[in-house]
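Notes follow the structure.
The values are calculated or read from the model by the stated rules, or taken from the named source; none is laboratory data. In this text, all values refer to a predicted model and were calculated from it rather than measured experimentally. Neighbour counts are summed over all protein chains in view; Cβ atoms, including those assigned to glycine, are modelled from backbone coordinates with ideal geometry.
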Amino acid sequence: MAVEMRIQGLMIDPITTMPLLVLRDPRTDAKLPIWVAVFEANAIATELEKVKTPRPMTHDLLQNLLSELGGRLRKVTVTDLQDNIFYAVLEVECAGGIKEIDARPSDAIALALRCDAPIYARQEVIEAAQNIDLTQGHRDSQRIRQWLEGLGQSELGKYEV
């Protein structure tokens, strides 16, 4: 079963210094932390902040391509977590029917924001993420988990998408 998620925050994890995207289930307040690369974090932040670029960036290009070809992004779903790596699929409606396309969650979410498509996560991924190795090379996993669980809106930014 997949659960619709909201973007609660995008920030720099002070421990790993990597961008951290936090998805939240608005019904249960369960959080799904996904560390993303800098370029994808920038693509997400650009759309969250509604910054217009002079030329289409990669995710804008994908949105334009879908639109021009008569396709529509129906939703994105974070589908799996293996070895601390998240997986996602794009559900695209096109002339040939509905296609599922493999994608990195960060790219899928950046595109979903541009296409105004909902973001989902499978319940088992949300549950598995509770046991993810948060240390990312650091020793104090419990401290990191407590920090993540204690994040408030002021640390996460003004996003609730």
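When segment 8-34 is examined, which residues are found to be of a type in the set (A, V, I, L, M, F, W, C) and in contact with an Asp or Glu (Cβ under 7 Å, 6 or more places away or on another chain)?
M11, L20
Looking at T16, T53, T79, which one is at pLDDT below 95, among the β-branched types (V, I, T) and in contact with a Phe, Trp or Tyr (Cβ under 9 Å, 6 or more places away or on another chain)? Talk me through it step by step, then tell me what you get.
Details: T53 fails: in contact with a Phe, Trp or Tyr (Cβ under 9 Å, 6 or more places away or on another chain); T79 fails: at pLDDT below 95.
Every option except T16 fails the conditions.
Restricting the search to segment 44-92, which residues are farther than 21 Å from I34 by Cβ and small (G, A, S)?
S67, G70, G71
If you check A30 against the conditions, is it closer than 20 Å to Y120 by Cα and small (G, A, S)?
The answer is yes for A30.
Only residues that are more than 14 Å from A117 (Cα to Cα), buried (at least 17 other Cβ atoms within 10 Å of the Cβ) and not hydroxyl-bearing (S, T, Y): list them for segment 61-87, please.
L81, F86
Look at segment 25-40 and say how many of its residues are surrounded by fewer than 18 Cβ atoms within 10 Å (Cβ to Cβ) and under 15 Å from H59 (Cα atoms).
Residues flagged as surrounded by fewer than 18 Cβ atoms within 10 Å (Cβ to Cβ) and under 15 Å from H59 (Cα atoms) within segment 25-40 amount to 3.
Taking the stated definitions as given, is A117 part of a helix (DSSP H, G or I), farther than 21 Å from M11 by Cβ and either at pLDDT below 95 or under 13 Å from the mean Cα position of the chain (by Cα) (or both)?
Considered against the rule, which asks whether it is part of a helix (DSSP H, G or I), farther than 21 Å from M11 by Cβ and either at pLDDT below 95 or under 13 Å from the mean Cα position of the chain (by Cα) (or both), A117 comes out as no.
Got at least one residue in segment 144-152 being surrounded by 19 or more Cβ atoms within 10 Å (Cβ to Cβ), modelled with pLDDT under 95 and not charged (D, E, K, R)?
yes
Going by what's in this entry, would L90 be described as assigned to a strand (DSSP E or B) and under 14 Å from S106 (Cα atoms)?
Working: assigned to a strand (DSSP E or B): yes; under 14 Å from S106 (Cα atoms): yes.
Considered against the rule, which asks whether it is assigned to a strand (DSSP E or B) and under 14 Å from S106 (Cα atoms), L90 comes out as yes.
Quick one: would you say T46 is modelled with pLDDT of 85 or more and surrounded by fewer than 16 Cβ atoms within 10 Å (Cβ to Cβ)?
no
Would you mind finding the one in D102, D83, D107 that is touching a His at 6+ places or on another chain (Cβ under 8 Å) and among the acidic types (D, E)?
D107 is the lone residue from the list that is touching a His at 6+ places or on another chain (Cβ under 8 Å) and among the acidic types (D, E).
Taking segment 6-27 as the region of interest, how many residues are in a loop (DSSP other than H, G, I, E, B), under 18 Å from E127 (Cα atoms) and touching a residue at least 40 places away in the same chain (Cβ under 8 Å)?
1
Which residue out of K99, K52 is surrounded by fewer than 12 Cβ atoms within 10 Å (Cβ to Cβ) and farther than 21 Å from A128 by Cβ?
Exactly one residue qualifies, and that residue is K52.
Residue by residue through segment 1-40, note down the ones that are farther than 24 Å from R114 by Cβ and either under 11 Å from the mean Cα position of the chain (by Cα) or not polar (S, T, N, Q) (or both).
Narrowing segment 1-40 to residues farther than 24 Å from R114 by Cβ: 1, 13-17, 27-30.
Within segment 1-40, M1, D13, P14, I15, R27, D29, A30 qualify.
Could you please find all residues in segment 93-114 being of a type outside the set (V, I, T) and part of a helix (DSSP H, G or I)?
Of everything in segment 93-114, those that are of a type outside the set (V, I, T) and part of a helix (DSSP H, G or I) turn out to be P105, S106, D107, A108, A110, L111, A112, L113, R114.
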